[in-house]
1. Output the 0 to 90 degree angle, nearest 10, between the alpha-carbon long axis of helix C:397-411 and the longest principal axis computed from the alpha carbons of chain C.
2. Mind grabbing the base-10 log of I(q)/I(0) for the range A:592-634 at q = 0.16, 0.30 Å⁻¹? Debye formula, identical points on the C-alpha positions, no solvent, two decimal places.
3. Taking a cut-off of 23 Å between Cα atoms, list the lysines near B:Lys102, but don't count ones fewer than 8 places away on the same chain.
4. Please give, to one decimal in nm, the separation of the simple spin-label points placed at A:Asp723 and A:Arg398, each 7 Å out from Cα toward the Cβ.
5. For a protection proxy built on the mean count of beta-carbon atoms within 10 angstrom, sort A:89-96, B:86-93 highest first, please.
6. Over the Cα atoms of the range C:367-412, Rg to Rh with Kirkwood Rh, two decimal places?
7. Which of the residues in the range A:161-204 lose at least 40 Å² of accessible area when you go from the chain alone to all protein chains together (probe 1.4 Å)?
8. Which parts of the range B:59-83, residue by residue, lose 40 Å² or more of accessible area when the rest of the protein chains are there, as against the chain isolated (1.4 Å probe)?
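The values are calculated or read from the model by the stated rules, or taken from the named source; none is laboratory data. Just so it is clear, the model here is predicted, and its values are computed rather than measured. Glycine gets a Cβ as well: all are built from the backbone with ideal geometry, and neighbour counts include every protein chain shown. Only protein heavy atoms, including side chains, enter the accessible area calculation; ligands, DNA and RNA are left aside. Shrake-Rupley method; radii C 1.70, N 1.55, O 1.52, S 1.80 Å.
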Amino acid sequence: MLEIEIDGKSLQVAEGSTIMDAAHEAGTYIPHFCYHKKLSIAANCRMCLVQVEKAPKPLPACATPVANGMKVFTHSELALKAQKGVMEFLLINHPLDCPICDQGGECQLQDLAVGYGSSASRYQEEKRVVFNKNLGPLVNTDMTRCIHCTRCVRFTQEIAGEMEMGQAKRGEHSEIMPFIEKTVDSELSGNIIDLCPVGALTSKPFRYAARTWELARRKSVAPHDGLGSNLIVQVKHDKVLRVLPLENEDINECWLSDKDRFSYEAVNSEERLTKPMVKQGGQWGEADWGVALDYIAHALKDVVKTHGAEAVGTLVSPHSTLEEMFLAQQLSRELGSHNVDFRLRQSDFSLDGKRAGAPWLGMKVAELSQLDRVLVVGSFLRKDHPLLAQRLRQSAKRGTQVSLINPVDDDQLIKNTLRAVGLPSQLPQLLGEVVKAVATAKGAAVDAALTGVTVSAAAQKIADSLVSGSNAGVFLGNFAQQHPQAATLEALAQQLAKLLGARHGVLGEAANSVGGYVAKAVPSGNGLNAAQMFAQPRKAYLLFNVEPELDSADGAQAVAALKDAAMVAVFSAFKSEAALAYADVLLPISPFTETSGTFVNTEGRVQSFNAVAKPLGETRPGWKVLRVLGNVLNLPGFEYNSSEEVRAAALVGAEEFANGLDNGVNAAFNLNAVAAGVERVADVPIYFADGLVRRAPSLQRARDAAAPAVRVNAATAAKLGLDGAAEVTVKQGAASVRLALKIDAGLPDGAVRVAAAHASTAALGSMFGQLSVERA
Amino acid sequence: MLSQEALKLIDREVAKYPADQKQSAVMAALAIAQDEKGWLARETIEYVANYLEMPAIAAYEVASFYNMYDLDPVGKYKLTVCTNLPCALSGGVHAADYVKEKLGIDFNETTADGKFTLKEGECMGACGDAPVMLVNNKRMCSFMTPEQIDKLLAECK
Amino acid sequence: MALIATKNPLLTVGWEKGDAGWGIKEYEARGGYQALRKILAEKTPPENIIAELKASVLRGRGGAGFPTGLKWSFMPKVINGDRYVVCNSDEGEPGTFKDLDLLRYDPHSVIEGMAIAAYVMSANRGYNYIHGEIFEIYKRFEAALDEARAAGLIGQNILGSGFNFELFAHHGYGAYICGEETGLLESIEGKKGQPRFKPPFPATFGLYGKPTTINNTETFAAVPYILKMGGEKYLELGKPNNGGTKLFSISGHVNKPGNYEIPMGMPFAELLEMAGGMRGGRKIKAVIPGGSSAPVLPGDIMMQCTMDYDSIAKAGSMLGSGAIIVMDETVCMVKALERLSYFYFEESCGQCTPCREGTGWLYRVVHRIENGQGRQEDLDLLMSVTDNIMGRTICALGDAASLPVRSFVQHFKSEFEHHIQNKQCLVPHDVQRAGSSFYM
Ligand SMILES: Cc1cc2nc3c(=O)[nH]c(=O)nc-3n(C[C@H](O)[C@H](O)[C@H](O)COP(=O)(O)O)c2cc1C
Ligand code: SF4
Ligand code: FES
């Protein structure tokens, strides 16, 4: 520890601290622009100059290491003169039109200028004008305002992992910009808006929507991936106008992924369903709530009476709230049907009944950052879990070795990753190889099922890396969980973790992937799971927040089943063409912004939130709708007066973290022979993954929302006779679609990457399996 | 995009640096590319960046930071005249004026026939030989008098 | 080719043959590589070499005048991992052109000096960063490297000693700021030449983050000569605290501009005479004694100085890199300053606020005065702006841009005031025009 005195206040700080760190601990504010606790030190703005005893010149607090006995004066005459001098320089070329700037009211330059600037400018020369840049659909630029702090540049390099911005030219002509004609395409790009201390980078969707002081700030939780980022939702007249991160070091730190930040646009979209609708005599018409609920109740009773309760299937989105999931399963079970599920994209359910508890991350999110070895199996990591990937990116810089077993070789922008790439059907084999190599290295018995396995060089490297660490984590990504041999992958992961003395878990796909288990929104007894409910069509379906054509493992099969059903009730915030085609009733339920609710994130953290806006039109919170439907059906136990009461029933005593989290599985693994032929690799593109992002116009203009192409490597293209083809026809089973072709060297031989969850590929059916590709 | 010879030259530069520091060769690589292409178009910079496995914007930062890279087309002969104070004291500015008059162009302009581009240079580290001019970044011409300049312009075919 | 004249040639012995003397044969014939051979054969302890350099009081020739022996002793003693020796031949300071001639006429002295430094610092790799505009010199240095490599004087297992040292040339491409040592390192790393904040200094965090020693070309070139003659002898060539001989680049209004090697402490008047005196016999008006960043001195003050760090410092300027810009009475000091201010404005890397914004401000105000739009308060404004730049920037370019402004205004205030009041130069334009002698 080092002794330091700041403005006469003594304190001890850790070796290696800067004056800025020390001041922070002392509760002293030192003005700054370029400094940011999560970014490397640039020391370029010079706003943080302070006086240090015995130093002839003022020193930048952000970059000056504390020396023992140092005496620092942050507000001495010398310090203030230096700070004021810098402020004057910053302002000479900065437009002084705060009233029309979008940053007005939340601008660090404006705030500090009040204290450090002088009223009249001594600068009489012409001000610099800088051309604006097109950074894409999300970030707006007003580059004349830029003060060259390079926070945005460092963010892209260090946090997002790919240098998409730079400071070109030099001196006064310097310009902050992406490469010529390039945009900023990172899935984390919106954070540069928060980082920019001035109005140079602002939110494009928010542009001119409101002044900050007109906005109410309300807390919420992101409804997308399993992280559950904490949000500040800004609202004016019950309209959500902007979403910002609520800092939470344990979860999202100070960041948000773009989908968490910009998906709110969907709740303001034209596609909102604002009134219940009922189809009668083949005609859709608006209806009163009472009529619509009666319709459903009658239809359900009818089906139960004629076909038995098993003829009813209930599917809930994993993006629904815990309360909605709980009531949906309660409703189903009280009707007598155990056919309830939220695991829409899963295809292997053989672990049902063999699980010790709800699958989860296996550790706290923050603990991820302490691992020194990480293996992730089957994950489009960066796109599926942008901020978890970001954590691993930072760990890798500190020396954590990250390994990936994947069907693609997409760059996760994580330094020095070890990678084993194989066809989907080879993933169990590849993981098995690692398990075998680790067992061998540890001198442990090799499982009988692995005796025939030959360890490839890539697997051996991964094993060597894992064995060399002291704190490893093994994780299954979305792809592994969706895999037809997910059970085998889980069993292998469990064994690997055991051999390594490591922890293992799953990266939760959706906001309530853990919550679904907690809410018991899974089949029990002879109940059917999500896949079975479509493979063995039901007579009646309750679809809660689900768009099966895009959200399920085999959308085509789902749609076929729905079309044949006697009654399909859709509870949704949106009206879609697809639903109008297969549904009989549409009930407008609140999106996350208009209801209270709870998400249990991938680490099992219970995060409840309130509505930030009034429900639109006749929309009602989902939990209320289910409660009333329960009443209309005269089902017992539907007396809840508040969502809190529902939550209490669902959580049974758990407060901060859910109970019953356990990744233990009681299953043997079974390495099937690898199938011959051409295999589909289906990713779920980040901006098609759920109903909200699909309807957020700005996200839909982002590069990641480009229409999916068919991707194969050059060898596969040659083998399939596709050389030089621009478009191809992909056939899966009886279905076929026509798509653009792209050559992708990151794919294994025999793999054809065709995204799921997109209208252009929905006809194809299962996310896994064989397909054929021909020139179009 | 670049010829085999150019790539060979770039490889020779890459070999000067530790194996994991390919980016160190970017200045040389851009210079080589510029020699071959005449100037650095967006595609050229991107190509060099890819070749050296570095972000395109990082290569662009370099290309736009150093004076001697041309991000716009230049004439067949790029003449750079140093007008900094030590040179100016011995005729640097006057030499530049003379060239301007002869070619009918100002700094940063190219003659209509595409032959000459004139640039104002900063100190070339040759102030003792003022006035000095640099031809195409490579050839330094010293003690330029009106006659010398005439001769140089005539030589440039 | 720049003219030279010397008194007691040491660094410049090899220059006498002009372009015929740079090769390795000639260099060895005049005793070159003996120091390196001896060190490698005797496995001289590095401390002894450092001690010799300290005794010589060799001060860095790049501008700051930092004692070289002391700098070399800063390299961490524990040897693990890579470390580098880097030569700064970026020479972009207006008025300086000595390293150019050193590399042209005696490149092997630099190679030998760097190899010795590498031996002392246990560095296995080195780079010589060569100014962009001197392509022919870069080519020559590469040729000299090939010779040295062929002779086994650099490379692996040098002269069977087990010592390895790979040396390469890195060509700059036009950025003055890369003369600043950390900007130079960034540039070698393939980035913009934006200086780093120090600490950490290059000795602990240098090229690629590894311990690095950086010296100027002339500093390295002096090393073999010092080791051959002994540190004390070298010191005696100059005067106490100002050891040895030094190269001075003389430009501007003298009859024979060029490089001159003289013992430290020689009177300026004598040096001026060596340089052929004032061009056209005109009166000396002002001298910038250490490169454009050094404060200008009125001619009469300069005539009282001797050429060494201490004397020039006492007169209120700096010896800097040893670039002497001589100005006669045909010079308009406002115009002269305008050109220098433009230079710093153009060459600021743009990284830190005071320099990026301040250099442009300074230039614009001086430009305005020169163009007859000056205001009375401008001179105070200039002083105040330099006050806000100096000592507040990441590197010394901020100071380098400010010192000329301050010294020009300070020493030639009346000329600036004349400009402001009369909206024109004190020195008539035709007189100025005649000064350059271009049209003679
Ligand atoms: C703006 C600026 C420009 C510089 N230019 C040069 C240069 O061209 N050559 C040089 O040797 N040193 C230059 N220096 C000084 C170097 O930073 C460094 O001090 C020097 O190379 C050290 O070598 P020495 O100790 O042998 O003098 C410059 C410094 C600054 C701040
Ligand atoms: S755009 Fe904003 S964040 Fe980026 S350098 Fe400029 S002021 Fe800083
Ligand atoms: S915050 Fe320290 S220099 Fe910018």
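1. 40
2. -0.54, -0.97
3. Correct list for B:Lys102: B:Lys76, B:Lys78, B:Lys115, B:Lys119, B:Lys138, B:Lys151, B:Lys157.
4. Between A:Asp723 and A:Arg398, the simple spin-label model gives 5.1 nm.
5. B:86-93, A:89-96
6. My calculation of the ratio gives 1.01.
7. A:Met163, A:Gln167, A:Lys169, A:Arg170, A:Gly171, A:Glu172, A:His173, A:Phe179, A:Ile180
8. B:Tyr60, B:Glu61, B:Ser64, B:Phe65, B:Tyr66, B:Asn67, B:Met68
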